[in-house]
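I have placed the structure first, in the form of C-alpha cells, so that the comments after it can refer back to it.
The values are calculated or read from the model by the stated rules, or taken from the named source; none is laboratory data. Quantities reported herein were computed from a predicted structural model and do not represent experimental measurements. A quick note on method: Cβ atoms are made from the backbone with ideal geometry, for glycine too, and the neighbour counts reach across all protein chains shown.
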C-alpha cells in the first residue's frame, strides 16, 4: 500500500534499556516537512489475566514512575528477547510477579498500546488452573498481589480507577469471553 505521507529520515535521539527514541523527518501530502517523534519498544511484551478457581482475578499493585503513583494492573512484562514466544514470557511474568503457575494459558488478544508514536505490542493471555507458589521479584520491584471479582474490576474501569490500557483491554476481553460462554450454554 502506498501512503501519502513519507518518512525521509530517522535519527536515533536516545537509546534506553527498554525503549529507543527517534526523530523522524516526514514529508506530508502537501509536500511540507515535519519532525515526528517515534518510540521503539524493541522486544514487545506479554500480559496475563489470571483467574483463580474461585473466579477472582489476580492483579498486582505497584509504583509507576510515569504516573508517580501506584497502579492496579494485570501481570505483564517484556520478552527476554525479540525471539521469545509471548506465551513463554506470560508464564514467566505470572510466576515472577504473583508466584502462581498456570495449567492453562490461552491468548485473549493482541494489542498495539500507543499507535500514534510507539510500536509497543502486548499479547494478552488468559491463565487458569492456577497453582500458588512464591514470587520471584526483580531487584527494585515492590509488587503486592490483590484478588478481585470481575464485576468489581469492571466497575473500577468505568469509575476511572483502573486506566492502564493493557489491564482495561484484558479485563474487558475476559468479561466478553465470560458473557459469550454464558450465552452459549
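Observations
- Scanning the range 139-149 for residues that are in contact with a helix residue (DSSP H, G or I) (Cβ under 6 Å, 6 or more places away or on another chain) and in a strand (DSSP E or B) gives a single hit, 145.
- For the range 155-170, the set of residues classified as assigned to a helix (DSSP H, G or I) and closer than 13 Å to residue 74 by Cα consists of 157, 165, 166, 167, 168, 169, 170, listed by residue number.
- Checklist (1) closer than 24 Å to residue 163 by Cβ; (2) touching a residue at least 12 places away in the same chain (Cβ under 8 Å); (3) part of a strand (DSSP E or B); (4) within 18 Å of the chain's Cα centre (by Cα) applied to residue 21, failing item: (4)
- The condition (being under 22 Å from residue 102 (Cα atoms) and either part of a strand (DSSP E or B) or at pLDDT below 95 (or both)) is satisfied by just one residue among 55, 77: 77.
- Breaking point among (1) within 19 Å of residue 169 (Cβ to Cβ); (2) within 15 Å of the chain's Cα centre (by Cα); (3) not in a loop (DSSP other than H, G, I, E, B), for residue 114: (3)
- Residues that are surrounded by fewer than 21 Cβ atoms within 10 Å (Cβ to Cβ) and touching a strand residue (DSSP E or B) at 6+ places or on another chain (Cβ under 8 Å), drawn from the range 58-71: 61, 62, 63, 64, 69, 70, 71
Yes or no, residue by residue, for (1) modelled with pLDDT of 95 or more; (2) not in a strand (DSSP E or B):
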{"residue": "87", "(1), (2)": "yes, yes"}
{"residue": "94", "(1), (2)": "yes, yes"}
{"residue": "108", "(1), (2)": "yes, no"}
{"residue": "123", "(1), (2)": "yes, no"}
{"residue": "127", "(1), (2)": "yes, no"}
{"residue": "136", "(1), (2)": "no, yes"}
{"residue": "151", "(1), (2)": "yes, yes"}
{"residue": "172", "(1), (2)": "yes, yes"}
{"residue": "178", "(1), (2)": "no, yes"}
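- Boolean, residue 164 is within 20 Å of residue 94 (Cα to Cα) and surrounded by fewer than 18 Cβ atoms within 10 Å (Cβ to Cβ): no
- Filtered by the rule that a residue be free of Cβ contacts under 8 Å to residues at least 40 places away in the same chain and under 12 Å from the mean Cα position of the chain (by Cα), the range 35-76 gives a lone residue, 75.
- Only listed residue being free of Cβ contacts under 8 Å to residues at least 12 places away in the same chain and out of contact with any helix residue (DSSP H, G or I) (no Cβ under 9 Å at 6 or more places or on another chain), chosen from 94, 12: 12
- Set 104, 81, 40: member being farther than 18 Å from residue 122 by Cβ and either surrounded by fewer than 18 Cβ atoms within 10 Å (Cβ to Cβ) or outside the structural domain of residue 119 (by TED's automatic domain parsing) (or both): 104
- When residues of the range 122-137 are limited to those that are in contact with a strand residue (DSSP E or B) (Cβ under 9 Å, 6 or more places away or on another chain) and over 11 Å from residue 47 (Cβ atoms), the one surrounded by the most Cβ atoms within 10 Å (Cβ to Cβ): 130
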